[in-house]
Amino acid sequence: MRYDELLARWRAVPVPDHEPGFWEWLREDLERGSGSRTASNETCQHPEVIDLHLDRRRNGRSPHTRARVTIGAAAAAVALLTMAVGVRTYGSTDQNGLASGTIERTDIAEDAVAEPAESAASEAAMAAPGRFVGVAGRVLAVDPSGRLLFVSVPRPGVSGCRGEAQQEIRWVRPDGSSPSMTALPVDASESVKVAFGSEGRVAFAPVCEGRGNQVVTAVIADDGTLVDINVLTIKDLDLDVPVDRIDALAWVGAMIIASTTTMRERADHHHVVKFPADPSEMEDVGTGERIALGASPDGRLIAVAADGRVEVDGEAIGRIEPAPVEADIAGSLVLAAGPGGVVSFDLRSGTTSRLAPSGSNPQMTASGMGFFVLDGELHAVAPAAPGDASTPIASLGSHDRYVATPDGGTVYISRPRGSDGAHFVEEIRLEP
Amino acid sequence: MQGAWKEAATTDVKSGVSLTASEPDVRAADGGLPVQDPRGDVSAFEQVLRTHDNQMRALAYRMLGDRFAMEDALQDAYLRAYRALPRFRGEAKMSTWLYRIVTSACLDRLRRNKRAFDVELTDSIVAAHARDVIGFDDDERLDRADSVRAALEGLGPDQRAAVVLVDVQGLPHDIAASVLGIPVGTLASRLSRARSSLRTALAEVPR
């Protein structure tokens, strides 16, 4: 390439317009005079840690919401249940030597920051609720190392699923730096299933209006960039047409496992298939609908079927009853939610434990910490210690989403910040 | 590159606005009459910003290569400008003054982030269309994007700013030197080194 050629192309690169809301937010900052991003500007790389009170204000949270939670915890294997959410943690040890603690969470909103006070006292009070990750995205997943947070962000001016702004996938480091500003070629405007495997493997299956037949695979390099990006179209093995839906996704070694559904003539065809990078080498490893797939620590395929069966390498080892509608698998534990409430299933013992009378959106982490949503509250629970009550750790609105890190020590919550499809991300650390 | 001052233009594909590197005097933008003094008037200042925003967006995006980084830099720069407005004595054109503040905000980011030039921009440079170039089925195109990115990343922030301001944005040397706060000779030296470095690196980019 010649230098003048480079310049011509550089000039020809389309310049993006502002995000919706840019001028409105700028005006607010100008009117406040000080500019509430001052602190972050001193430290920011992109994406930056955004000043808290600005986003609180944008989010319109009720002022001075305070919740006090007392937590009891047990189980040496999962001694995670003394948590500090946001600012202040009053930890102690109870008479049994078990950790316990009181959480005080303070949400500070618009009223509290009406004045651009710069005093140390007011800054200390405002800094209380913790950290916001400055990416305007909806959280999707955290990689197994806990280093990368995957989010979807609106692509201005491009229509996506359901006619809403298309969402593309980006990834950032939770510490505020970014290994790459690349966007993955996935429309995440509705939802995306994400699966991580060994050696940095990751796969995404976008869902649009309940449908999707593509899997995007990549490898997370040591520097946090994504390489070897491939887009695969998954076909039904019997019908030789693209499937209608991918119900569950997992890696087992270098193989992708997908549970697929193809609807034809009022009948659903379900397959569980496995394939390496090339889907033409797809193999059928089972029939029937699976709601969750995973890999055991020793590399065996774990599946939760729609009828509640729990399988290891295709063999049923137990059943969750009544059949759950959602499930997540990590290590040797399944966390499921459905008509029977939130339950865990231990693959080693084959036992089922009921953890909550109801709930949804279960997430199981490799550390043995589980999460689910109950009555608008995100709960943490240690399924291996079923005697422990679950612990509410944050309020979730209907459009809020969460992901937990594999070590169960941090939760990222994205909340809409307006009508533009953008979200901001809050980081909540759960300290042992 | 003086001739490029009036010629350098591109099109904002979304708004269809032509982005030119010419330098309108905002205070004379309204038929030569001063617009409302923006000092202390948020609305008036916003109008000033909007007048120059196309140029500033182009500058920030071409410097930083990412629309989110661009947004952050502009938010930062516009706030800085508002705070500094009482000290603006009108000795420079408003656009030059804004160029200086936006460039400074971008340089801050470039100096903090060694990987500032990202895939979004370089893919766009290679394929002229970022959306289609993530390029999972075109290894050669990806290789070229990587090579261009490596060439651009080989420039230091100061050299990069010089190239963007003069060769991409098309500012005259004296204006660009003023924006960067350096003598014209220093700018010429930086440009020479940057061009030489880029030419060498680009020679290795597959054609």
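The values are calculated or read from the model by the stated rules, or taken from the named source; none is laboratory data. Please read all numbers here as calculations on a predicted model, not as lab measurements. Heads up, the Cβs are rebuilt from the backbone with ideal geometry, glycines too, and the neighbour counts pull from every protein chain shown. What goes into the accessible areas is simple: the full protein's heavy atoms, side chains included, and nothing from ligands, DNA or RNA. Shrake-Rupley method; radii C 1.70, N 1.55, O 1.52, S 1.80 Å.
Taking only the range A:232-260 into account, find how many residues are among the hydrophobic types (A, V, I, L, M, F, W, C) and under 16 Å from A:Glu281 (Cβ atoms).
10
Answer with yes or no whether B:Ala92 is out of contact with any strand residue (DSSP E or B) (no Cβ under 7 Å at 6 or more places or on another chain), at pLDDT 80 or above and over 19 Å from A:Pro16 (Cβ atoms).
Considered against the rule, which asks whether it is out of contact with any strand residue (DSSP E or B) (no Cβ under 7 Å at 6 or more places or on another chain), at pLDDT 80 or above and over 19 Å from A:Pro16 (Cβ atoms), B:Ala92 comes out as no.
Of the residues A:Glu326, A:Glu321, A:Glu315, A:Glu311, which is of a type in the set (D, E, K, R) and open to solvent by less than 60 Å² (accessible area, probe 1.4 Å)?
Residue meeting the stated conditions: A:Glu311.
Would you say A:Ala128 is at pLDDT below 90 and in a loop (DSSP other than H, G, I, E, B)?
So A:Ala128 passes the test.
Can you spot a residue in the range A:207-217 that is touching a helix residue (DSSP H, G or I) at 6+ places or on another chain (Cβ under 7 Å), at positive phi and either open to solvent by less than 50 Å² (accessible area, probe 1.4 Å) or in contact (Cβ under 8 Å) with a residue 40 or more places away in the chain (or both)?
yes
Of all residues in the range A:1-14, which are over 19 Å from B:Ala162 (Cα atoms) and at pLDDT 80 or above?
The answer is A:Pro14, and nothing else.
Yes or no, residue by residue, for (1) at pLDDT below 70; (2) within 8 Å of chain A (Cβ to nearest Cβ); (3) outside any helix (DSSP H, G or I):
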site	(1), (2), (3)
B:Leu121	no, yes, no
B:Ala161	no, no, no
B:Ala194	no, no, no
B:Arg207	yes, yes, yes
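Of everything in the range B:43-67, what is within 10 Å of chain A (Cβ to nearest Cβ) and under 20 Å from A:Glu31 (Cα atoms)? Give them in sequence order.
Residues satisfying the conditions are B:Ser43, B:Phe45, B:Glu46, B:Leu49, B:Arg50, B:Asp53.
Could you list, in sequence order, all residues of the range B:163-184 that are assigned to a helix (DSSP H, G or I), open to solvent by less than 30 Å² (accessible area, probe 1.4 Å) and closer than 23 Å to A:Arg9 by Cα?
B:Val163, B:Val164, B:Leu165, B:Val166, B:Asp167, B:Val168, B:Ala176
Is there any pair with a first residue in the range A:4-16 that is within 7 Å of another protein chain (Cβ to nearest Cβ) and in a helix (DSSP H, G or I) and a second that is small (Gly, Ala, Ser) and open to solvent by 50 Å² or more (accessible area, probe 1.4 Å) whose Cβ atoms are under 7 Å apart and which are 6 or more apart or on different chains, and what are they?
The qualifying pairs are A:Arg9/B:Ala128; A:Ala12/B:Ala128.
This table checks each residue for (1) among the β-branched types (Val, Ile, Thr); (2) surrounded by fewer than 21 Cβ atoms within 10 Å (Cβ to Cβ).
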{"position": "A:Gly340", "(1), (2)": "no, yes"}
{"position": "A:Pro357", "(1), (2)": "no, yes"}
{"position": "A:Val381", "(1), (2)": "yes, no"}
{"position": "A:Gly408", "(1), (2)": "no, no"}
